[in-house]
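The values are calculated or read from the model by the stated rules, or taken from the named source; none is laboratory data. Treat the numbers as computed from the prediction; the structure is a model and nothing was measured. Cβ: placed from backbone, ideal geometry, glycine included. Neighbour counts: every protein chain shown.
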Amino acid sequence: MCGIFGYSGSKNASQLILEGLKRLEYRGYDSWGIALQDQKSKIKDQKLIAEKHVGAIGDVNSDFRLSSVDSYVGIGHTRWATHGGISETNAHPHFSTDKSFCLAQNGIAENYQKLKKDLQKKGYKFKSETDTEVIVRLIEDKLASRVDSGVVRGFVGTPQNDKSNSLKEAVRSAFLELEGRNTVIVLTDDGQIIAARNGSPLVVGLGKREVFFSSDTLSFAPFVSDVIVVENGQMVTWNGKLDLLDIKSNKSLPANPEKINFKSSKVDKEGYDHFMLKEIHESPYVISQVINQDQSSLDDFVKVLKKAQRVYTLSMGTAGVAASQIAFYLRNYAQINAVGLIAAEALDYYEMFSNQDMIITPSQSGETADVLEVLEVAVKKNVKIASFVNMPGSTMTRVSDYKFMANAGPEICVMSTKVFTSQIAFGYLIAKMAQGKGEEGVRNLQSLALEMQKYLDSGSNHEQIKQLAKELSKKKDVFLLGKYQNFNIVKEGMIKMIEGSYIHAHGIPAGDLKHYAITLMEKGVPVIVVISEDIAKDDVLNAVNQVKARGATVIGVSPSPYPGFDYHIPVPDTGETSAIANIIPLQLLAYYMAVELGHNVDKPRNIAKSVTVK
Ligand code: GLU
């Protein structure tokens, strides 16, 4: 997934890049690296210097090695490794052999093996195992062939203009050869920045006599007033002047800066020990943000939604579970023919997509590669697209016919909590509107937010879950059972537990238990059962008896206790919105387990928040 950042202006580049990368850390934290142009470099023909480290950039103080360098232009990268182990050598930026430029990448060059073989045959040497270094060598090769063919003179000693045009052209033609979703940023020893986008996000921020390049707008928001969202197939160059061009045709494009204003975005823990806990506490607020959606946009959208022949709700990970729950609400309350899909598993639906259909996609980042791939097909087939995204200026929002913003505020913890809650609350609201009971839906969400607030404010609720977390942290496996409105909720509980505690968890439809997982039930196995006062209650209680008979320890999450529970976690009975209330204790349980086990709560190992690779 990776985060890329670039700066050129009159301030200390190292500090700004460090701060920018810290804000992009959610995109990956295997390693980080910064490269700067060092005007005063004592080494002849070596004006680029770099510092790279394994580990998270968030742990770095402002006095890292490069911080003392007087530099006003540089690039940086925070990595989520896809190709090549987590090591300093594989950390970005990667340098050209003559150290005249360096490059950082977000994405995967899917044809890197073939390219590498060809380049090796030509004598190019590789230091790292990354696909990124292949891009660097490919650019070198393009440059060399321009020199050979006499398009430009030798690189060293070439007049400035020829040299920069030549590199720009080499980046452009190398980029055209890459397969897969990629965004690259290049820094040259004469202080030029070149960035190209195809798939992974790229935004340019314009401040007062300074320019920022980044994977998201939030990372430079405090410093800029205008933003250019670079589209797929476009390239930007900066050498004191900004140029935008179409990569394929090599033609200049007009850059259309958009005003932004989220300087007030709060990104501190506000007294909570972790962002995760703070963000769970913001659940009532995010529900109020759902209720405050623009009514006429919602009305227009629901009109079309009701007429759709088929509705596909799709996303990945936690948002994928939210997508399924949205489909559940649409079927259950509005009898809409909705199917929830994991975007990466939508291939077999492509042929069936038609212009009578609609896709609804909830996403935190709006940049999930697996989702964007489906949307590219959907656009071609004229499927209507609606998105519910939390990050401003995202690709998903741009390709959507109906765009809704979660406005949940920045979600910093890599495990999604409040945004999931907001996504399913949005699903409930649109389903109630489609049912013709929008006002009732709003009232129900209002009382849900109040009940959630009370639940979260009660110290004894936290204490109870903390104690339980202590016990569960000693276990090897945890099972979760749910049905009907609570099936996706236990699935999401499972995801949170796996992410936070690294303990194996398994969310099962309560009715399916007896068909396979019952073999695993024995004395002391913890089974979390989520029950609402609804039509599925008795079936789930049967499952409680079935696991209890085999000695399992039952933890019931429900408004009132039932026989068979060893522990009872009381939750408010909020009727139709019960499932949304029920996710809170499961999120808290995962949180307290992560704390109990001494894990890095806000940054679980190996995952990243915005998954822009496939
Ligand atoms: N493929 C590059 C690497 O492994 C970038 C990864 C990414 O963008 O997630 O270093």
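Miscellaneous remarks
- The condition (being more than 16 Å from the ligand (Cβ to nearest atom), in contact with a His (Cβ under 6 Å, 6 or more places away or on another chain) and closer than 18 Å to Gln467 by Cβ) is satisfied by just one residue among Pro585, Pro526, Pro561, Pro570: Pro561.
- Qualifying residue in the range 436-452 (condition: more than 23 Å from Ile287 (Cα to Cα), in contact with a helix residue (DSSP H, G or I) (Cβ under 8 Å, 6 or more places away or on another chain) and small (Gly, Ala, Ser)): no
- Selection of first residues in the range 82-102 that are on the phi > 0 side of the Ramachandran plot and of second residues that are away from the ligand (no atom under 12 Å from the Cβ) and in a loop (DSSP other than H, G, I, E, B), restricted to Cβ pairs under 6 Å at least 6 apart or on distinct chains, gives the following pairs, ordered by first then second residue: Lys99/Gln46.
- Flag if Lys40 is of a type outside the set (S, T, N, Q), more than 14 Å from the ligand (Cβ to nearest atom), assigned to a loop (DSSP other than H, G, I, E, B) and in contact (Cβ under 8 Å) with a residue 12 or more places away in the chain: yes
- Considering (1) out of contact with any His (no Cβ under 9 Å at 6 or more places or on another chain); (2) charged (D, E, K, R); (3) within 16 Å of the ligand (Cβ to nearest atom), the lone condition that Glu576 does not fulfil carries the number (3).
- The residues in the range 103-124 that are on the phi > 0 side of the Ramachandran plot and surrounded by fewer than 13 Cβ atoms within 10 Å (Cβ to Cβ) can be counted, and the count is 1.
- Failed criterion for Asp216 (all others in (1) within 16 Å of the ligand (Cβ to nearest atom); (2) of a type in the set (Asp, Glu); (3) farther than 30 Å from Glu492 by Cα hold): (3)
- Restricting the range 69-100 to residues that are of a type in the set (A, V, I, L, M, F, W, C) and under 20 Å from Gly20 (Cβ atoms), the residue that is nearest to the chain's Cα centre (by Cα): Trp80
- Look at (1) without any contact (Cβ under 8 Å) to a residue 40 or more places away in the chain; (2) within 15 Å of the ligand (Cβ to nearest atom) and you find that Leu115 fails only one, number (1).
- The residues of the range 95-112 that are part of a loop (DSSP other than H, G, I, E, B) and either away from the ligand (no atom under 16 Å from the Cβ) or not charged (D, E, K, R) (or both), listed by number, are Ser96, Thr97, Asp98, Lys99, Ser100, Ile108, Ala109, Asn111.
- Index of the failed condition, Ile75 passing every other in (1) among the β-branched types (Val, Ile, Thr); (2) over 20 Å from Trp238 (Cα atoms); (3) crowded, with 17+ Cβ neighbours inside 10 Å: (2)
- Selection within the range 55-80: residues that are modelled with pLDDT of 95 or more and aliphatic (A, V, I, L, M). The member of this set that is nearest to the ligand (Cβ to nearest atom) is Ile75.
- Selection from the range 43-75 of residues that are of a type in the set (Val, Ile, Thr) and in a loop (DSSP other than H, G, I, E, B): Ile43, Val60, Val69
- From the list Thr519, Thr577, Thr612, the one residue that fits, being of a type in the set (S, T, N, Q) and surrounded by fewer than 23 Cβ atoms within 10 Å (Cβ to Cβ), is Thr519.
- Filtered by the rule that a residue be of a type in the set (S, T, N, Q) and in contact (Cβ under 8 Å) with a residue 12 or more places away in the chain, the range 227-253 gives Asn232, Gln234, Thr237, Asn239, Asn250.
- Unique residue being in contact with a helix residue (DSSP H, G or I) (Cβ under 7 Å, 6 or more places away or on another chain), over 21 Å from Ser416 (Cβ atoms) and in contact (Cβ under 8 Å) with a residue 24 or more places away in the chain when the list is Val611, Val554, Val571, Val601: Val554
- Residue list for the range 464-516, restricted to those being among the basic types (Lys, Arg) and either part of a helix (DSSP H, G or I) or in contact with a helix residue (DSSP H, G or I) (Cβ under 8 Å, 6 or more places away or on another chain) (or both): Lys466, Lys470, Lys483, Lys491, Lys496, Lys514
- Screening Ile135 with (1) crowded, with 24+ Cβ neighbours inside 10 Å; (2) in a strand (DSSP E or B); (3) within 12 Å of the ligand (Cβ to nearest atom) gives one miss only, at (2).
- The residue that is nearest to Phe64 (Cα to Cα), counting only those in the range 1-31 that are assigned to a loop (DSSP other than H, G, I, E, B) and away from the ligand (no atom under 11 Å from the Cβ), is Asn12.
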